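Q: Let me begin by handing over the structure; questions about it come next.
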Amino acid sequence: MQEKWWHKSVVYQIYPKSFNDTNGDGIGDIKGIIEKLDYLNTLGVDYLWISPLYKSPMVDNGYDISDYEDINPLYGTMADMDLLLLESKKRGIGILMDLVINHTSDQHPWFLESKKSKDNPYRDYYIWKDEPNDLGSTFGGKAWTYDDHTKQYYFHNFAKEQPDLNWDNPKIMDEITKMILFWMNKGVAGFRLDVIDLIGKDIENKITANGPTLHPRIKQLSEQTFLTKDILTVGETWGATPEIAKLYSDPARKELSMIFQFEHMTLDWGHYGKWTPKPLDFIQLKQTLFKWQQEIHPAWNSLFWNNHDLPRVVSRFGNPEQYHFESASFFAIMLHLMKGTPYIYQGEEIGMTNVEFDDLSDYDDIEIKNSYQDFVLDTKRMTKQDFMTGVYRMGRDNARTPMQWTDGNEAGFTTGKPFLKVNPNYKTINVEDNLKNKDSLFYVYQHLIKLRKNSPYSQTIVYGDFIPLDLNHKSIVAYQRTSEDYTLLVVGNYGEQPVQLPAYAKGKKVLFSNYKDQVDTLRPYEIIIFVE
Ligand code: GLC
Ligand code: CA
């Protein structure tokens, strides 16, 4: 396999609104990111993927862009952005921008023009029809909104304030190419491509994801931009299978470095998707991840449990009340010894948890609000109580409560009033305490990053073969990573009942573990890396 610098990298995702506020307005900002660069350097990450910083009315917290080449004044100025690029570079950290090119804000000048008349030069920048079909929006309700002025409907896969760009119009390719080159010239290290699987849609035939023109478009875009500098690109592609992943990221096809697949993130979805979760089948989780480990070649995996759209892993699959450290570190170790590029989402490194607010008005997320309107009020498919249970388990605001820096006022996130309430557990779960305590989760993540990037085992962790073990065991997770130099064996116990340490692990040398000593059983959420 041809080695790429990003094979060896670890990425940290920042959701700027919730990360660190320096001017007391209750909203994180770019200066706040700069202030924490040394912290991120201590953790050891190479890249920061920052959720959208562009100008935006913030209907979907920046995933609705009104100017691709300007900075959201809530977050700061272009001068702040330039300083962030400079300061991160000094520390050997690259910045990955979030590229939202399936849709814009309805306040983008292109859409404001497009709305004016049917013969406006920007009309075809968006998708307009006399008659809508029955496609629905991901955020609930219909994907079409009627515009009284020109008497047509426009298409929006997400909120009505996020009209989809019409990629069948070649001008879109030109505009987006120019914009990407603008950011590349500023020295960004790469991009995360928001819902990129949607840009080849065929509306007539009701195909939105993985449409017929998708891959030629990505290839063209890549050749015009990303590939000229060999930067890191990661596409968000819900519904991808390993076969589909290879279409995007087999290096020979010249599209993207890697994708985010979500198969392991939807196993516990029920009848109404995320809003009606069901218990996790751990065997299925293992088998899904292991399948991706084995079937992705010659493409490359991304590794993650969390992002700004997903609930916190320690709450979702672990036990934050009784086994906070054990279960959070279990999932960290299980993932970080796999093959691929790991992504850590802000607060994951200290085990931040889900949150339960009593009142719907305490929530900020448009998906929660629009889905409530749809499922509970309009169609009455769910009771309010059931919906709230869904929100507590799966809602996106679980990931978006302010970053917990200290046990002080508003968790040290702001001196003002945060836009979304702080999780009340900040007194016990915060960065300051983690940094003070050498046995904390933070140092588990730091150690995992060191093992991968800067240890005798780096080559084995990055490129070693992956061999699954005990595939059908309901609580043991086990796999080997092998290279010419070493064999690493990861063995863990998912759950709270002790199990016998498997015979193949007995007597082996322990490299790292989330318990201080070893006995002949695996205790709750115990996980061990052996080396030979
Ligand atoms: C992606 C983003 C999500 C956003 C949506 C629409 O899924 O991760 O946060 O709401 O796209 O842009
Ligand atoms: Ca601020």
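The values are calculated or read from the model by the stated rules, or taken from the named source; none is laboratory data. Please read these numbers as outputs of a predicted model, since none were measured by experiment. All Cβ positions, even for glycine, are placed from backbone atoms using ideal geometry, and neighbour counts span all protein chains on display. Remember, those area values only see protein heavy atoms, side chains included, never the ligands or the DNA or RNA. Shrake-Rupley method; radii C 1.70, N 1.55, O 1.52, S 1.80 Å.
Q: Given segment 1-118, what helices (runs of 4 or more DSSP H) lie entirely inside it while holding 3 or more residues that are open to solvent by less than 10 Å² (accessible area, probe 1.4 Å) and within 16 Å of ligand 2 (Cβ to nearest atom)?
A: 30-35
Q: Which ones in segment 171-192 are within 21 Å of PHE111 (Cα to Cα) and open to solvent by less than 10 Å² (accessible area, probe 1.4 Å)?
A: ILE172, ILE176, MET179, ILE180
Q: Write out, first by first residue and then by second, each pair whose Cβ atoms fall under 6 Å of each other, whose residues are 6+ apart or on separate chains, and whose first residue, in segment 98-109, is within 24 Å of TYR47 (Cα to Cα) while the second is within 8 Å of ligand 1 (Cβ to nearest atom) and of a type in the set (Ser, Thr, Tyr).
A: ASP98/SER51; VAL100/TYR63
Q: Under 9 Å by Cβ, and 6 or more places apart or on different chains, what pairs join a residue from segment 365-378 that is over 12 Å from LYS142 (Cα atoms) and of a type in the set (Val, Ile, Thr) with one that is open to solvent by 20 Å² or more (accessible area, probe 1.4 Å) and away from ligand 1 (no atom under 12 Å from the Cβ)?
A: Short answer, once both residue conditions are applied: ILE368/LEU360; VAL376/THR383; VAL376/LYS384; VAL376/ASP386.
Q: Restricting attention to segment 504-532, which residues are part of a strand (DSSP E or B) and under 18 Å from LYS286 (Cα atoms)?
A: Of everything in segment 504-532, those that are part of a strand (DSSP E or B) and under 18 Å from LYS286 (Cα atoms) turn out to be LEU522, ILE527, ILE528, ILE529.
Q: If you take the residues of segment 123-140 that are surrounded by fewer than 18 Cβ atoms within 10 Å (Cβ to Cβ) and away from ligand 1 (no atom under 15 Å from the Cβ), which of them is nearest to GLU113 (Cα to Cα)?
A: Selected residue: ASP124.
Q: Just wondering, is there one or more residues in segment 259-282 that are in a helix (DSSP H, G or I), open to solvent by less than 30 Å² (accessible area, probe 1.4 Å), more than 25 Å from ASP397 (Cβ to Cβ) and more than 16 Å from ligand 2 (Cβ to nearest atom)?
A: Within segment 259-282, one or more residues are in a helix (DSSP H, G or I), open to solvent by less than 30 Å² (accessible area, probe 1.4 Å), more than 25 Å from ASP397 (Cβ to Cβ) and more than 16 Å from ligand 2 (Cβ to nearest atom).
Q: Residues of segment 214-256 being open to solvent by less than 10 Å² (accessible area, probe 1.4 Å) and within 16 Å of the chain's Cα centre (by Cα), which ones?
A: Of everything in segment 214-256, those that are open to solvent by less than 10 Å² (accessible area, probe 1.4 Å) and within 16 Å of the chain's Cα centre (by Cα) turn out to be LEU232, THR233, VAL234, GLY235, GLU236, THR237, ALA240.
Q: Mind listing just one residue for me: the one in segment 355-397 that is of a type in the set (Ser, Thr, Tyr) and open to solvent by less than 40 Å² (accessible area, probe 1.4 Å) and, of those, farthest from the chain's Cα centre (by Cα)?
A: TYR372
Q: Now for a different question. Being part of a loop (DSSP other than H, G, I, E, B), more than 16 Å from ligand 1 (Cβ to nearest atom) and hydrophobic (A, V, I, L, M, F, W, C) narrows it down to one of ALA332, ALA299, so name that one.
A: ALA299
Q: Next question, about the same structure. Which condition number does LYS509 fail, the rest of (1) charged (D, E, K, R); (2) crowded, with 17+ Cβ neighbours inside 10 Å; (3) free of Cβ contacts under 8 Å to residues at least 60 places away in the same chain being met?
A: For LYS509, the failing item is (2).
Q: Identify the single condition in (1) part of a helix (DSSP H, G or I); (2) within 30 Å of LEU488 (Cβ to Cβ); (3) not aromatic (Phe, Trp, Tyr) that MET352 does not satisfy, given that it satisfies every other one.
A: (1)
Q: Could you tell me whether LYS291 is away from ligand 1 (no atom under 16 Å from the Cβ), crowded, with 23+ Cβ neighbours inside 10 Å, more than 19 Å from the chain's Cα centre (by Cα) and not in a loop (DSSP other than H, G, I, E, B)?
A: Spelling it out, it is not the case that LYS291 is away from ligand 1 (no atom under 16 Å from the Cβ), crowded, with 23+ Cβ neighbours inside 10 Å, more than 19 Å from the chain's Cα centre (by Cα) and not in a loop (DSSP other than H, G, I, E, B).
Q: What are the pairs, 6+ residues apart or on separate chains, where a residue within segment 63-81 that is among the hydroxyl-bearing types (Ser, Thr, Tyr) has its Cβ under 7 Å from a residue that is open to solvent by less than 20 Å² (accessible area, probe 1.4 Å) and modelled with pLDDT under 95?
A: none
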